[in-house]
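Input: a single structure, listed below in structure tokens.
All of the numbers you see were taken from the coordinates with simple rules; none came from a lab. Since this is a predicted model, take the numbers as computed values, not measurements. Reconstructed Cβ throughout: ideal geometry from the backbone, glycine too, with neighbour counts over all protein chains shown.
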Amino acid sequence: MLDAATIRQQFPIFAHYPRLAYLDNAATTQKPKSVIDTIANFYEKGNANIHRGVYELAVRATQQYEAVRQKVAGLINAPKPETIVYTTGTTAGINLVASSFLEPRLQPGDEVVISYMEHHANLIPWQMACKRNGAKLRVIPMNKDGVLDMKAYEAMLSPRTRMLALVHVSNTLGTINPVEEMIALARQRGIPVLADGAQSIAHFPVDVQAMDADFFVFSGHKMFGPTGVGILYGKEEHLAAMPPYQFGGDMIRNVTFEDTAFAEAPQRFEAGTANIAGVIGLGAAADFLQTLDKTKVQQHLKMLALAAREALARIDGLRIIGNAENATAIVSFVLEGVHPHDVATFLAEEQIAVRAGHHCTQPIMDFFGIAGTTRASFSIYNELAEVERLAGSLRDIQKFFLF
Ligand SMILES: Cc1ncc(COP(=O)(O)O)c(C=O)c1O
């Protein structure tokens with residue numbers, strides 16, 4: 001079993017908040033000391049801008065920054081460090097692909113396929129690209145358990161489909177989508193695929209080559225790294241063919257008033273001064289993830305997921321939203337007669353941190369006919385006792401509000 005108590009000790013926040021049951025990991029994870037120290041050390045002992053300077057600090061900062069590409073490539077089994085583009089997060093990666101990869105090839109009457117359970121970040125960029133180009137957004141339906149309809153998906157793929165954009169793990173329902181199978185179906189028809197790994201990256205090992213995704217995006221802050229930095233993995237041939245998304249310093253080979261020759265990928269997509277400390281911090285987060293026993297992490301999260309679902313299912317008047325068999329430790333629910341924000345506020349009093357609202361997935365809320373849910377999302381430092389505290393407090397809330 002994963003020793004969650006020992007892992008917890010590596011996260012300084014819990015020394016400051018010993019009673020904190022932090023169940024908001026789908027929003028952002030806490031940071032281990034190694035990540036915090038790496039960022040502090042960079043500013044204290046290593047700060048310089050990258051790529052241009054020839055003095056020791058600048059050379060070292062550049063080396064540290066570039067070395068993270070290899071670490072991240074190792075984490076997701078990308079074939080080369082050059083396939084790793086630094087972004088500001090999942091959202092930025094998706095926008096980059098929608099603008100730079102999809103839009104130039106989108107014609108009126110073309111189609112882009114997404115699923116019903118996309119985060120707004122993996123919905124709006126495609127919707128806007130479709131609107132601008134007279135293309136149609138098609139949505140893979142799901143059932144009441146929060147499972148995608150594979151037959152409908154397959155039937156939806158057509159010679160007009162230009163892209164599939166699919167969430168790997170739903171941040172609201174916890175559903176783990178069968179991305180390999182879905183990508184294989186798209187691949188047979190020559191349809192490129194972006195997989196949104198914002199949630200999956202910290203829950204189980206990701207292998208972009210086995211998955212055969214054309215693009216895979218995630219955020220540093222949901223995998224124990226800092227905010228404001230993320231990763232776009234792209235197949236080499238795609239990145240090489242894509243025009244830059246933003247223009248400025250650090251992404252060029254030669255500039256005159258008449259024209260500009262751009263740098264190769266990935267630099268071509270990294271205009272301006274990067275979040276250098278953030279990237280280096282993300283490297284420390286990748287190192288941290290690599291130190292964990294992946295099998296034990298999965299067992300632990302599975303255990304928490306099952307325990308939470310069982311404990312909540314025993315509460316009368318509580319409805320779990322999303323009951324996929326293949327789900328991870330993200331559990332959304334509504335408590336009959338109590339607004340999700342009241343649930344979250346009451347839990348906050350008990351030092352249980354959850355999130356209430358639509359979780360940037362309004363279509364899911366519309367599907368279930370609700371305004372929002374309360375969501376408990378777990379990570380490696382959570383323990384069974386926190387599931388029990390959550391269930392106990394939910395019973396107290398019911399007593400307080402309903403009796
Ligand atoms: C599934 C999913 N996609 C995309 C995002 C957007 O991530 P970010 O806000 O870090 O860009 C999130 C964040 O909650 C998410 O859970």
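In region 166-297, Cα pairs under 8 Å separated by at least six residues give a relative contact order of 19 percent.
Candidate cross-link partners of K302 among the lysines, defined by an alpha-carbon separation under 19 Å and a same-chain spacing of 8 or more, comprise K222, K294. Ordering 347-355, 84-92 by mean Cβ neighbour count within 10 Å, with the highest value first, yields 84-92, 347-355. To the nearest 0.05, how large is the calculated FRET efficiency for D145 and L384 if R₀ is 22 Å and r is the Cβ-Cβ distance? Using R0 = 22 Å, I get an efficiency of 0.35.
Considering the convex hull of the alpha carbon atoms of the chain, report its projected area averaged over all viewing directions, in nm², one decimal.
20.6 nm²
Relative to the longest principal axis of the chain, what angle (0 to 90°, nearest 10) does the C-alpha long axis of helix 56-76 take? Compared with the principal axis, the helix lies near 60 degrees. Pairs of Cα atoms under 8 Å, at least six residues apart: use those to get the relative contact order of region 35-291, whole percent. About 24 percent, as a whole number. Convex hull volume per residue, computed on the Cα atoms of region 77-208, equals 113 Å³. Couplings 3J(HN,Hα) of region 82-90, computed from phi: 5, 8, 9, 9, 7, 10, 8, x, 4 Hz, in residue order, whole Hz [Karplus 6.51 cos²θ - 1.76 cosθ + 1.60, θ = phi - 60°; x for Gly and Pro]. Working ranking of peptides 24-31, 195-202 by packing, defined as the average number of other Cβ atoms within 10 Å per residue, highest first, is 195-202, 24-31. So which aspartates and glutamates can K45 reach, going by Cα to Cα under 17 Å and dropping same-chain residues fewer than 8 places off? In chain and number order, the partners are D37, E56.
When DSSP beta bridges are restricted to pairs lying wholly in the chain, around 60% turn out antiparallel.
Summarising the label geometry, the points placed 7 Å from Cα in the beta-carbon direction at R160 and R253 lie 3.9 nm from one another.
Is region 1-113 best put as rounded, prolate or oblate by its Cα gyration tensor, with a ≥ b ≥ c the root eigenvalues, rounded for a/c under 1.5, and otherwise prolate when a/b is larger than b/c, oblate when not? Judged from the Cα gyration tensor, region 1-113 comes out oblate (a/c at least 1.5, b/c at or above a/b). Of all lysines in the structure, those lying under 26 Å Cα to Cα from K151, and not within fewer than 8 positions of it along the same chain, are K136. In whole Å, what is the distance between the alpha-carbon centres of region 340-403 and region 94-123? Going from one Cα centre to the other spans 32 Å.
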